[in-house]
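Have a look at the structure that comes next, please.
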Amino acid sequence: MAKDKPPKPKGIPNKHLHARITFLYQAATYLTLQLPTKNIKSEVKDAVSSEFNQIQESSPLAMQLGADLHTVSRKAQLRLSVDLKRSMCKSCHTVLVPGQTATQEIENKSKSGKKPWADVLVVNCNRCGSKRRMPVGTKRQPRKRDRLPAPANATSSDMEGMESTTPALHTATGQSPSSG
């Protein structure tokens, strides 16, 4: 008789790749935060004050770690978390740290900003100048398969605003609906 083998414990598939991606992200973030900042005069003169803006250079090693992170996730076909994706620049792979490697502002391009649900967070990368636009404060609509289906029996009040397609079909054949 064959010996019964205990069932394998269920866990995360490709756990070593998740660990590698986490390490690459943590290392890139650490290197980005450890760099000294430069003081550069603001090009736009502010009427109130002419302070210095602090701009942080990106470490080439931190950018390489970010590029490696994307490469590993693509090769292993792993989905990166939304928070991780939003904290990395898509074009130069810099870790976006608000106030250091990125600037943030909230835009509302609706008519004079009257629609609060139209707020958009714009994150500008200080290194390459690329912009990311993300909606703020709105709930995402559920996927079509997850939405509640429409009721099967429609009442006459539901059908008041809809036109019937039956007369159009009969007129196309040259018959009237009553002669059918």
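The values are calculated or read from the model by the stated rules, or taken from the named source; none is laboratory data. These numbers come from a predicted model, not from an experiment. FYI the Cβ positions are ideal-geometry reconstructions off the backbone, even for glycines, and counts take in every protein chain you see. To get the accessible areas, we keep the full protein, side chains included, count just its heavy atoms, and leave off ligands, DNA and RNA. Shrake-Rupley method; radii C 1.70, N 1.55, O 1.52, S 1.80 Å.
Consider Met134 carefully, then state whether it is at pLDDT below 65 and at negative phi.
Taking the combined requirement at face value, the residue does not satisfy it.
Looking at segment 1-99, what helices (runs of 4 or more DSSP H) fall wholly within it and have at least 3 residues that are over 26 Å from Pro135 (Cα atoms) and at pLDDT 75 or above? Lay out the reasoning, then the answer.
Numbers: elements: 15-34, 60-75, 82-86.
The qualifying helices (runs of 4 or more DSSP H) are 15-34, 60-75.
While we're on this one: Would you mind telling me which numbered condition in (1) more than 30 Å from Ala19 (Cα to Cα); (2) open to solvent by 50 Å² or more (accessible area, probe 1.4 Å); (3) modelled with pLDDT under 90 Asp119 fails?
(2)
Also, quick follow-up: Of the numbered conditions (1) open to solvent by less than 40 Å² (accessible area, probe 1.4 Å); (2) closer than 30 Å to Pro13 by Cβ, Arg86 fails exactly one; give the number of that condition.
(1)
Here's a follow-up. Which of the residues that make up segment 1-34 are among the aliphatic types (A, V, I, L, M), within 27 Å of the chain's Cα centre (by Cα) and over 17 Å from Pro60 (Cβ atoms)?
Ile12, Leu17, Ala19, Ile21
I'd like to verify a number: residues in segment 122-142 that are open to solvent by 40 Å² or more (accessible area, probe 1.4 Å) and either under 11 Å from Glu107 (Cα atoms) or touching a residue at least 60 places away in the same chain (Cβ under 8 Å) (or both), how many?
5
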